[in-house]
Amino acid sequence: MNDGIINEGAGIEKGENARMASFVGAIAIADLTMSYQESIFRSTLGPKGMDKILQSVSSSDNKIEVTNDGATILRSVHIDNAAAKVLVDIAKTQDEEVGDGTTSVAVLCGELLREAEKLIDARVHPQTIAAGWRLAVRLARSELENAAVSNAEGDPGAFRKDLIEIAQTTLSSKLVVYEKEHFAKLAVDAVLRLRGSENLDYVQLIKKPGGSLRDSYLAEGFVLDKKIGIGQPRRVENAKVMVANTAMDSDKIKIYGARVKVASLAKVAEIEVAEKEKMAAKCIRICDHGINVFINRQLIYNYPEEIFAKHGVMAIEHADFEGVERLAARASVSNGNHPKCILQAVLGAEICSTFDQPELATLGTCDLIDEIMVGEDKLVRFSGCKSGEACTIVLRGASTHVLDEAESIH
């Protein structure tokens, strides 16, 4: 073999050895066993599936995770077999595209390979086996389509009932099984709000420790895990919202650690006064847009916060929250294909970075913005948004492990 093709010391497997290695690796993933031959992976399958405790040996804090989710287990397994990695990738794709069935996919693939191994031993050609599988898939899909029943168009009540039953089946193998009816209704109601859209980014999840799983609820509109500034309105009706990405502190000396030599302390005071005047002028230009809510993706320092309070403007800082990146990769502005954050999409606003031309700014609107309490935390709720399908599932639970498992409903 040419040295330029493979690295020195690399091994090569081909023919029967390569085939057997692939069988062994892939089946091992589907049939992970402990010393007493009880299958770890198989025993997570189905409504009677058991939870597993996973302890990380690579992290310094020895993180512990309680789960029976196949995708989570597979992500935690170190694999060096090529065929096994393919099986793990299949399970990951199933998790990303469907959100469920990862264990079923791995176990089914393992059983197919186990039977294929017997056929290979009987001298059946691999292409013949693959052709048989393709034929079986076509027949299975045909039977499923013939047996399918849809109430999507005729009876909305029956359609919702069907969806809840499907969701309960999925949740039967989750940690939330004891509250599966409650969570099934939450999930179905959230999806029905999308009105046929497949963009699940409009359904946001917020995890707040405390209470029980039963305390989880679906909030209409968008809930932002941030706090409103000090001394500012806690409730704004008929909100006109500016979403901005701008620095709200012109004091570059403190920010960047530069040094300035002055002849006297009076000069230092003059610099501070000049900075305040510059920031005050910027805040006034922002308020001149006719807004009553200002949301900035950067920090808002005390002085501009004080100015906004005097003008009756609700200010929310550091709104670069979880979920922005997910939607930024999928949603785009209709006229320019530029990325949007979820808050833009919900409110119908565009991010502003300059404020000299109010007539060019696209502001967001919603019927009500108010502060709510979830447990001991204060959150900001946006109701009556331009994007009517937006909603938030607020998850409650006794521990972070419970919340992490409950999050898998998304």
Open item on the list: Using amide H atoms built in the peptide plane, which far-off residues or other-chain residues are under 5 Å from LYS386 H to H?
Closed with: THR365
Open item on the list: Among 146-157, 306-317, 108-119, how do they line up by average Cβ neighbours within 10 Å per residue, starting with the highest?
Closed with: 306-317, 108-119, 146-157
TODO: Could you run the Karplus curve 6.51 cos²θ - 1.76 cosθ + 1.60 with θ = phi - 60° over the range 206-213 and give me ³J(HN,Hα) per residue in whole Hz, x for Gly and Pro?
DONE: 10, 9, 10, x, x, x, 10, 4
TODO: With θ set to phi - 60°, apply the Karplus curve 6.51 cos²θ - 1.76 cosθ + 1.60 along the range 116-123 and write out the HN-Hα couplings as whole Hz, x wherever there is a Gly or Pro.
DONE: 5, 4, 5, 5, 4, 4, 8, 6
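Highest mean first, how do 69-75, 243-249 rank when packing is the count of other Cβ atoms within 10 Å averaged over residues? Write down the numbers at each step before the final one.
Values: 69-75: 21.4, 243-249: 18.7.
Result, highest mean Cβ count within 10 Å first: 69-75, 243-249.
Order of 178-191, 266-279 by packing, highest average Cβ count within 10 Å first? Numbers along the way, then the final one.
On the way: 178-191: 18.8, 266-279: 12.6.
Put in order of decreasing packing, that is 178-191, 266-279.
A short reminder: the numbers here are calculations on the coordinates, not readings from a lab. All values reported here derive from a predicted model rather than from experimental measurement. Glycine also receives a Cβ, built like all others from the backbone with ideal geometry; neighbour counts cover every protein chain displayed.
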